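Participant: Take a look at this one; I'll ask things after.
The values are calculated or read from the model by the stated rules, or taken from the named source; none is laboratory data. None of these values were measured; they are calculated from a predicted model. Counting neighbours? That spans all protein chains shown, and the Cβs are built from the backbone with ideal geometry, glycine included. Surface areas here come from the heavy atoms of the whole protein model, side chains and all, with no ligands, DNA or RNA. Shrake-Rupley method; radii C 1.70, N 1.55, O 1.52, S 1.80 Å.
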Amino acid sequence: MKAELISVGTELLMGQIVDTNSQWLSQQLSAMGIDVYYKETVGDNPQRMRDTIAQALTRSDIIITTGGLGPTEDDITKETVSELMGEELVLHEESLRAIIENFARRSRPMAESNKKQAYMPKGGIVLPNYRGTAPGCILEKDGKRAIVLPGPPTEMKHMFTTSVVPYLESISDSVLKSAYVRISGIGESTVAEMLGELIHNQTNPTLATYASISDVTVRITAKCKKVEDADAILTPMVEKVLAILGDSVYSTCGESLPEVIAKLLTERKETLALAESCTGGMVSSMLIDIPGSSAFLMEGLVTYSNQAKSRLLDIPIDMIELHGAVSEEVARAMAEGVRKNAGTDYGLSITGIAGPDGGTEEKPVGLVYIGCADKNGTEVLKLSSGRSNRSSNRISAALQALNLLRKKILLNG
């Protein structure tokens with residue numbers, strides 16, 4: 001089946017709001033084996049909206065709209081879709097009751113205009129909205145299906161998951177299930193090269209690689225009649241990928257790298273202290289986002305200046321002046337100093353030049369040193385991203401530091 005996504009709202013065209021809905025929907029539909037061929041964004045203009053939806057109905061099996069279901073006069077998505085598919089709108093009493101109850105729960109008066117949201121296509125399937133006031137709907141005609149969803153992401157995602165997914169599964173003759181192998185420390189091109197034979201010979205399951213700032217995901221997807229049959233197809237391929245990629249793989253369960261670190265330290269009852277310079281506490285923040293992190297994260301220091309490195313980590317100023325704050329020697333001393341002072345099993349440090357300025361020919365922007373100390377010694381990793389983007393360099397350094405820590409934990413058994 002071919003799908004088309006239409007995001008509605010002048011605010012999207014003006015850049016006042018970022019369209020995250022279409023990205024999320026594309027991911028969900030792809031996982032279900034539904035190909036998204038087109039994505040459109042259209043403003044709250046009746047004729048342009050009519051033209052856009054009419055064109056979509058001529059070339060796609062499924063169209064999904066998001067937005068334009070509010071109570072105002074320019075919210076006309078439902079009206080336009082219904083008109084093009086030959087359905088009249090009638091008052092849906094159950095939806096009206098739900099809208100009235102929504103306002104009552106919040107002790108807010110309901111405007112008369114909100115009643116407009118309860119008018120639904122007579123021959124359509126009504127999709128209740130448990131996160132807001134605007135219900136959605138599904139219309140079917142001549143083999144075409146239009147799915148009309150609200151714009152706010154929390155409302156749209158809940159409606160899609162609870163109501164649309166079961167509907168799409170009911171009209172599909174096959175299901176897809178994917179496994180995700182997540183890798184850190186090597187780039188997408190290297191991963192693709194290492195898996196070249198598997199990718200070249202793929203049939204069912206299929207393999208695809210996706211890169212982010214500092215890691216790579218291999219998606220392995222099986223197509224079968226019943227979801228219960230998928231594991232028998234997926235497991236052998238996952239095992240082949242693991243055998244090739246080795247300890248570069250940090251998760252096969254969809255976990256993030258910070259979650260993996262938290263699990264490892266918690267299971268081993270081991271502790272960690274951090275000394276961050278260019279990342280400014282980013283690693284600490286990633287770990288603190290995980291419930292229960294107080295069991296393993298003892299302290300996190302942002303030693304941004306040379307004086308802070310010396311005062312808080314007992315690093316001699318003459319060492320910093322001799323080698324520079326961004327150096328293997330200082331990264332090593334930072335990791336060892338924070339571990340010693342905090343009395344933890346591991347000390348992790350990051351020092352670097354995040355950019356966009358501050359680099360030299362000898363030490364360019366993007367140069368980072370990461371130190372990881374434990375009872376067996378200290379390892380220092382040198383990175384040079386070649387990027388001038390400050391945010392990307394900081395995120396990459398933080399995640400590469402966690403990956404170095406992961407490997408050191410696993411090395412210790």
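Participant: Let me check against my output: what whole-number percent is the relative contact order of region 120-266, with C-alpha pairs under 8 Å and at least 6 apart?
Facilitator: Worked out over region 120-266, it gives 20 percent.
Participant: Between I199 and R106, what is the spin-label point distance in nm, taking each point 7 Å from the Cα along the Cα→C-beta axis?
Facilitator: 4.7
Participant: Leaving out ligands and nucleic acids, and using a 1.4 Å probe, what accessible area per residue does the chain come to in Å²?
Facilitator: Numbers: 20000 Å² over 413 residues.
On a per-residue basis, 48 Å².
Participant: Rg/Rh for region 55-139 to two decimals, with Rh computed the Kirkwood way over all alpha-carbon pairs.
Facilitator: Numbers: Rg = 13.3 Å, Rh = 13.5 Å.
Using Cα coordinates only, the ratio equals 0.99.
Participant: Same structure again: Give me the one-decimal nm value for the distance between modelled label points at E11 and R219, 7 Å along each residue's Cα-to-Cβ direction.
Facilitator: Going from the E11 label point to the R219 one covers 2.9 nm.
Participant: Here's another thing I want to ask about it. For the chain, which whole percent of the accessible surface, found with a 1.4 angstrom probe, sits on carbon and sulfur atoms?
Facilitator: Values: 9950 of 20000 Å².
Looking at the chain in its full context, I get 50 percent from C and S.
Participant: Any of K269/K407; K122/K225; K157/K225; K2/K240; K226/K263; K2/K78 with alpha carbons more than 23 Å apart? Name them for me.
Facilitator: Working: K269/K407 17 Å; K122/K225 34 Å; K157/K225 26 Å; K2/K240 32 Å; K226/K263 32 Å; K2/K78 21 Å.
Too far apart for the 23 Å limit: K122/K225; K157/K225; K2/K240; K226/K263.
Participant: At a Förster distance of 22 Å, what's the computed FRET efficiency of E362 paired with E255, Cβ-Cβ distance as r, to 0.05?
Facilitator: On the way: r = 38 Å, r/R0 = 1.75.
For R0 = 22 Å, the calculated efficiency reads 0.05.
Participant: Convex hull over the Cα atoms of region 283-325, averaged projected area in nm²? It would help to have the intermediate numbers written out before the result.
Facilitator: Numbers: hull surface 14.1 nm².
Its Cα hull, projected and averaged over all orientations, spans 3.5 nm².
Participant: Output wanted: per-residue J couplings in Hz (rounded whole) for region 149-158, from phi through Karplus 6.51 cos²θ - 1.76 cosθ + 1.60, θ = phi - 60°, x for Gly and Pro.
Facilitator: 10, x, x, x, x, 5, 5, 4, 5, 5
Participant: Between region 1-30 and region 247-319, what is the C-alpha centre distance in whole Å?
Facilitator: Spelled out, the Cα-based centre of one part sits 36 Å from the other.
Participant: Got a sec to turn the phi values of region 193-198 into Karplus ³J(HN,Hα) couplings, 6.51 cos²θ - 1.76 cosθ + 1.60 with θ = phi - 60°, whole Hz, x for Gly and Pro?
Facilitator: With the stated coefficients, region 193-198 comes to 5, 5, 9, x, 5, 5 Hz.
Participant: Report the rotationally averaged projected area of region 285-413 based on its alpha-carbon convex hull, in square nanometres.
Facilitator: Working: hull surface 31.8 nm².
That works out to 7.9 nm², a quarter of the Cα hull's surface.
Participant: Between 0 and 90 degrees, rounded to the nearest ten: what's the tilt of helix 230-245 against the longest Cα principal axis of the chain?
Facilitator: With rounding to tens, the tilt is 30 degrees.
Participant: In the chain, if the dipole is taken from +1 on Lys/Arg beta carbons and -1 on Asp/Glu beta carbons about the Cα centre, which of G68, T162, I290 is farthest to the positive end?
Facilitator: In the chain, that residue is I290.
Participant: May I ask for the angle, rounded to the nearest 10°, between helix 328-342 and the longest principal axis of the chain, with both axes built from Cα atoms and the value confined to 0 to 90°?
Facilitator: That helix lies at roughly 80 degrees to the long axis.
Participant: I'd like the orientation of helix 257-268 relative to the chain: the angle between its Cα long axis and the longest Cα principal axis, in ° from 0 to 90, rounded to 10.
Facilitator: The answer is roughly 60 degrees.
Participant: In debye, nearest 20: dipole of region 1-110 around its Cα centre with unit charges on the Cβ of K, R (+) and D, E (-)? Walk me through the numbers before you get to the answer.
Facilitator: Working: 10 positive and 18 negative charges, 71 e Å.
In total the dipole reaches around 340 debye.
Participant: Need the full-extension length gain, K382 to E94, defined as separation in residues times 0.36 nm minus the C-alpha distance. One decimal, nm. List each step's numbers first, then the result.
Facilitator: Values: separation 288, 0.36 × 288 = 103.68 nm, distance 6.23 nm.
Taking 0.36 nm per residue and subtracting the Cα distance, the gain is 97.5 nm.
Participant: In region 249-318, which trypsin sites (Lys or Arg not before Pro) fall in coil by DSSP and have 16 or fewer other Cβ atoms within 10 Å?
Facilitator: Working: sites: K263, R268, K269, K309, R311; in loops: K269.
Here the sparse-neighbourhood loop sites are K269.
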